[in-house]
Structures are given as C-alpha cells and as structure tokens.
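Following: one structure in structure tokens, then a few remarks.
The values are calculated or read from the model by the stated rules, or taken from the named source; none is laboratory data. Owing to the predicted nature of the structure, the values given are computational and were not obtained by experimental measurement. All Cβ positions, glycine included, derive from the backbone under ideal geometry; neighbour counts span all protein chains shown.
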Amino acid sequence: GAVVSQHPSRVICKSGTSVKIECRSLDFQATTMFWYRQFPKQSLMLMATSNEGSKATYEQGVEKDKFLINHASLTLSTLTVTSAHPEDSSFYICSARGGTQYFGPGTRLLVL
Amino acid sequence: QKEVEQDPGPLSVPEGAIVSLNCTYSNSAFQYFMWYRQYSRKGPELLMYTYSSGNKEDGRFTAQVDKSSKYISLFIRDSQPSDSATYLCAMTPNSGYSTLTFGKGTMLLVSP
C-alpha cells in the first residue's frame with residue numbers, strides 16, 4: 001500500500017517552454033501533497049504544500065507564478081514549471097500524506 | 001544551528017557490519033521521527049516511523065529516539081551491498097498536517 005506515482009520520470013525541454021509533472025496517490029486518498037526539489041547531493045527542499053480544493057502554500061523564496069500547483073482531486077496534484085530555464089533543471093519529488101509522507105519516484109527535469 | 005543535523009558521510013562499511021546512522025535536532029516540539037532510504041535518482045522510501053522516545057525494530061532495522069538528548073539513530077544489522085543508499089532522517093511536531101524537517105542525508109556504502 002501507500003504507493004505514489006509521478007509522471008513523467010524524466011523530461012528534457014527547451015528554455016522558455018512549460019512542463020507539467022503529475023503526482024498520483026494510487027491506493028489512498030491524499031488531501032495534502034507536497035512538492036520538493038532536490039539538487040545533486042543535497043537534501044530535499046520543500047517548495048509548496050498542496051491541499052485538495054484550495055490554493056497551494058508556497059515556501060519562502062519559491063515563485064508561485066513560476067511553479068503552478070493544482071490539486072484538483074484527492075489522488076492527483078500537478079506541478080507546472082512555466083517558462084522553464086536551465087536553472088530550473090533539478091529533481092522534482094512529490095509526496096502524499098497518508099499518516100506520514102510517502103514519496104513518488106521523482107521527475108528529473110533538464111532544461112536546455 | 002540548523003534544526004536537524006546529519007553527517008553527510010560517506011560512511012563505508014564491509015558487508016555484514018552493523019551500521020549506526022544518527023541525527024540530532026534542536027526543536028523540542030518534534031514528536032514524530034522517520035527514516036527514509038533514497039537510492040540514487042529515486043524518490044525516498046519510508047523505512048521507519050516512530051513516535052516519541054523509545055526503540056522500534058523491523059527486521060534488520062532498529063530506530064531509536066532519545067528525546068531528552070534530541071538524538072535519533074537508525075541501526076542496520078548484517079548490512080548488505082543493497083543497503084548502499086542515502087539515509088535521510090525526518091521529523092515533525094505532529095503526524096497530521098505538519099511538514100517534515102529533513103536532515104541532509106548520510107550516504108552509506110556497503111562493500112561486498
């Protein structure tokens with residue numbers, strides 16, 4: 001149980017394009033999902049907390065207009081990186097709260 | 001002082017050794033403590049989840065929490081090469097709606 005999936009697992013895009021990442025809780029409902037980014041050999045950095053049916057709460061320093069989060073159902077949250085630039089290249093990981101947090105496998109974004 | 005301190009390693013041990021991984025923290029409000037294992041380019045996987053002080057055992061893994069010292073440990077018995085990964089400690093004041101505070105992670109290398 002407690003499986004979280006992410007799609008895509010890897011994406012390469014050109015600078016200026018937008019990229020959408022999906023996070024799904026497969027066998028439980030999650031009113032709260034979290035989005036993290038992780039740079040090489042660094043720990044997870046929380047970007048935002050996503051609550052079903054309401055606006056996401058962003059951490060200090062995270063641009064909400066650049067990282068759009070939608071949590072339209074109890075099993076799906078999406079992160080859209082708008083007008084991506086090379087500095088947005090990172091490993092993006094979501095988690096869903098079901099007692100504790102269960103993490104997805106991550107999405108590696110490379111912006112050329 | 002950071003909220004959660006964790007030695008980044010790497011910690012290198014031979015197969016079969018007992019491994020001790022540790023975190024210290026400063027926030028006395030933390031009540032729930034977790035250990036995650038993260039393989040390279042993968043999302044974190046929940047290993048142990050404990051509440052307050054005490055020990056919890058699951059197979060080859062034992063988690064210890066000493067709230068009086070603000071110190072938590074993860075012991076791995078009979079370590080295997082497949083245990084080679086980064087181990088992240090995480091903690092939160094309550095299990096419900098709080099975000100997790102992570103350590104930076106300790107890289108463990110188990111050699112055959």
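Key figures for this structure:
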| quantity | calculated |
| --- | --- |
| Of all residues in region B:76-112 being of a type in the set (Phe, Trp, Tyr) and buried (at least 17 other Cβ atoms within 10 Å of the Cβ), the one that is farthest from B:PRO10 (Cα to Cα) | B:PHE102 |
| Hey, A:VAL3 closer than 24 Å to B:TYR39 by Cα and loosely packed, with under 15 Cβ neighbours inside 10 Å or not | yes |
| Residues of region A:40-66 that turn out to be touching a strand residue (DSSP E or B) at 6+ places or on another chain (Cβ under 6 Å) and either buried (at least 17 other Cβ atoms within 10 Å of the Cβ) or not basic (Lys, Arg) (or both), as a count | 15 |
| Strands (runs of 3 or more DSSP E) wholly inside region B:3-107 that include at least 2 residues being at pLDDT 90 or above and at the interface with another protein chain (Cβ under 10 Å from one of its Cβ atoms) | B:32-38, B:45-51, B:85-92 |
| Residue that is nearest to the other protein chains (Cβ to nearest Cβ) [pool: residues in region A:91-101 that are out of contact with any Ser or Thr (no Cβ under 6 Å at 6 or more places or on another chain) and surrounded by 23 or more Cβ atoms within 10 Å (Cβ to Cβ)] | A:ILE93 |
| Any hit, region A:65-82, residues being small (Gly, Ala, Ser) and assigned to a loop (DSSP other than H, G, I, E, B) | no |
| Odd one out for B:VAL65, checked against (1) free of Cβ contacts under 8 Å to residues at least 40 places away in the same chain; (2) farther than 25 Å from A:GLY104 by Cα; (3) in contact with an Asp or Glu (Cβ under 8 Å, 6 or more places away or on another chain) | (3) |
| Lone unmet requirement of (1) surrounded by 15 or more Cβ atoms within 10 Å (Cβ to Cβ); (2) within 13 Å of another protein chain (Cβ to nearest Cβ); (3) not in a strand (DSSP E or B) for A:TRP35 | (3) |
| Count of region B:12-45 residues which are surrounded by 16 or more Cβ atoms within 10 Å (Cβ to Cβ), within 29 Å of B:ASN94 (Cβ to Cβ) and either aromatic (Phe, Trp, Tyr) or touching a strand residue (DSSP E or B) at 6+ places or on another chain (Cβ under 6 Å) (or both) | 15 |
| Residue among A:VAL81, A:VAL111 that alone is within 11 Å of the chain's Cα centre (by Cα) and farther than 22 Å from B:LEU46 by Cα | A:VAL81 |
